[in-house]
Amino acid sequence: MVIGVPREIKNNEYRCAATPAAVAELVRHGHVVMVEPGAGIGSGITDEAFVQAGARLAHTETVWQESALIYKVKEILPPEYRFLRRDLAIFTYLHSNAHREMTDALLASGCIGIAYEDITDAAGNFPLLRPMSEIAGRGGFLMACQHLQSMYGGGGLMLARVNGVRTPELTIIGAGNAGMGVAEMAAALGNRVTILDVSFERLDAARLRLPPNVELLLSTPSNLEICLKRSDVLFNCILWPKARRDHLVTREMLRLMKPHAMIVDIACDEAGAIETCRATSHDKPTYREEGILHYCVDNIPSAFAATATSLLSAATLPYALELADKGVIRALRENPHLRRGLTCINGVLTLEETGRKQERPWQTPEAVLETLGN
Ligand SMILES: NC(=O)c1ccc[n+]([C@@H]2O[C@H](COP(=O)([O-])OP(=O)(O)OC[C@H]3O[C@@H](n4cnc5c(N)ncnc54)[C@H](O)[C@@H]3O)[C@@H](O)[C@H]2O)c1
């Protein structure tokens, strides 16, 4: 199969879908890999390294037009819509529920879209979300450290236990991959950390991993209110159901927070758990609502591109190999976990969550795949 690795064009997106090691593995399986020049440069990977791994360098048009499978990192942006076509499969973070216009373009083209974030494993977890969530959690903590600095417009608070002054109080909602990433960094610097979750299992797991001075609370309205009042930074790390329309922290509740407090919305669902969240970019990462500084960048791992690319490529490679080795349709038919990531095919939406959120018709992947010939 011909596989294309284009250069990412999203604002400040420096990650690349494949490392040279991944390219070498795809080539070893008999596939042709075309890489756009500069695709790896933001992650410290030269074009030469890709060539040595067996890739062919090709310009944007050639990569998109001659590939059967596009292997990338972020969603499809307007300048890329013209490349979408029926016999093309795209394997990437799609987040179709958050991008209505992109979903229109995917459906109009009839292409096959497979979203990293919706692929499951046998335990029902999301194995391609996990590695980036961990980096986003750790990175989100570092971003809070940066944007609380006075010259960035923050309250000038250092997120560390410093002799002689009050220790900062940090609240994390969601003790999953991202939340644990924040908690580990925050606790290591001596901050007073509280982590809230609705799941006792998640809190049990957090208790084993985190130092004993991290407080573990059930996520109830009253506990959340206590935390909002006392926190210097609130991190939202909930995997918010895509079709859910209520909020955990409403605009009104922001008035409970301290004047110089900050919200880092790692989950970054527009008007999701945090009502006032709207996605921002690394160019302009923060804004204020009700006086509270918000940081809502939806591609935090890109700031740590070399680390993120190595991890992402290793996590996605087994699925890319399966798609290429078996052919996309057979791989989707045989692997229910890969099939869970199928967003669209032949102009039909197959992701229930996006159908519900955007009030569009959708069918199950199984129903659509059954109508296709071999
Ligand atoms: N901003 C970025 O760059 C970036 C990068 C990667 C991931 N993410 C996002 O981060 C989010 C978290 O991902 P994850 O892998 O950590 O998910 P996860 O499933 O591992 O963790 C989510 C946690 O939230 C908990 N939860 C659910 N409802 C809750 C509630 N009402 N109160 C408190 N806790 C609740 C769950 O029990 C779970 O422990 C996702 O939305 C993901 O898309 C963002």
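General observations
- P(r) tail for segment 219-374: Cα pairs beyond 27 Å make up 45% of the total.
- The convex hull defined by the C-alpha atoms of segment 114-172 has an orientation-averaged projected area of 6.2 nm².
- Sequentially through segment 250-267, phi angles give Karplus couplings (6.51, -1.76, 1.60; θ = phi - 60°) of 8, 3, 4, 5, 4, 5, 6, 7, 5, x, 9, 6, 9, 10, 10, 9, 6, 4 Hz, Gly and Pro residues having no value and appearing as x.
- Accessible surface of M151 - all protein chains present, 1.4 Å probe, nearest 10 Å²: 150 Å²
- Every pair of different Cα atoms in segment 1-125 enters the Kirkwood calculation, which places the hydrodynamic radius at 14.8 Å.
- The S199 and E366 beta-carbon pair, evaluated with R₀ = 35 Å, returns a calculated FRET efficiency of approximately 0.75.
- Computed from phi, the 3J(HN,Hα) profile of segment 271-287 under the Karplus parametrisation 6.51, -1.76, 1.60 (θ = phi - 60°) reads 6, x, 4, 9, 4, 8, 6, 9, 4, 10, 10, 4, 5, 9, x, 10, 7 Hz, with x in place of Gly and Pro.
- Within the chain, the percentage of alpha carbon pairs spaced more than 38 angstrom apart rounds to 21%.
- Percent breakdown of C-alpha pair distances by 10 Å bin, ordered from the shortest bin, for segment 51-104: 21, 53, 21, 5
- Pairs of alpha carbons in segment 261-340 whose separation is greater than 17 Å (percent): 61 percent
- Cα centroid of segment 120-140 to Cα centroid of segment 2-46, whole Å: 21 Å
- With all pairs of separate Cα atoms included, segment 39-188 yields a Kirkwood hydrodynamic radius of 18.9 Å.
- Net length gained if the chain between L77 and Q65 were fully extended (0.36 nm per residue, minus Cα distance): 2.7 nm
- Here the Karplus curve 6.51 cos²θ - 1.76 cosθ + 1.60, taken at θ = phi - 60°, turns the phi angles of segment 351-366 into couplings of 10, 3, 4, 6, x, 5, 5, 9, 6, 10, x, 8, 10, 6, x, 4 Hz, with x standing for Gly and Pro.
- Dipole of segment 130-298, positive direction: furthest Cα of M158, A136, I266, with charges on the beta-carbon: M158
- Here the extension length gained between A108 and A160 equals 13.6 nm, from 0.36 nm per residue of separation less the Cα-Cα distance.
- Over all orientations, segment 130-298 has a Cα convex hull whose mean projected area works out to 9.2 square nanometres.
The values are calculated or read from the model by the stated rules, or taken from the named source; none is laboratory data. None of the values given here were measured: they were computed from a predicted structure. Every residue, glycine as well, gets a Cβ built from its backbone with ideal geometry; the counts of neighbours run over all protein chains shown. To get the accessible areas, we keep the full protein, side chains included, count just its heavy atoms, and leave off ligands, DNA and RNA. Shrake-Rupley method; radii C 1.70, N 1.55, O 1.52, S 1.80 Å.
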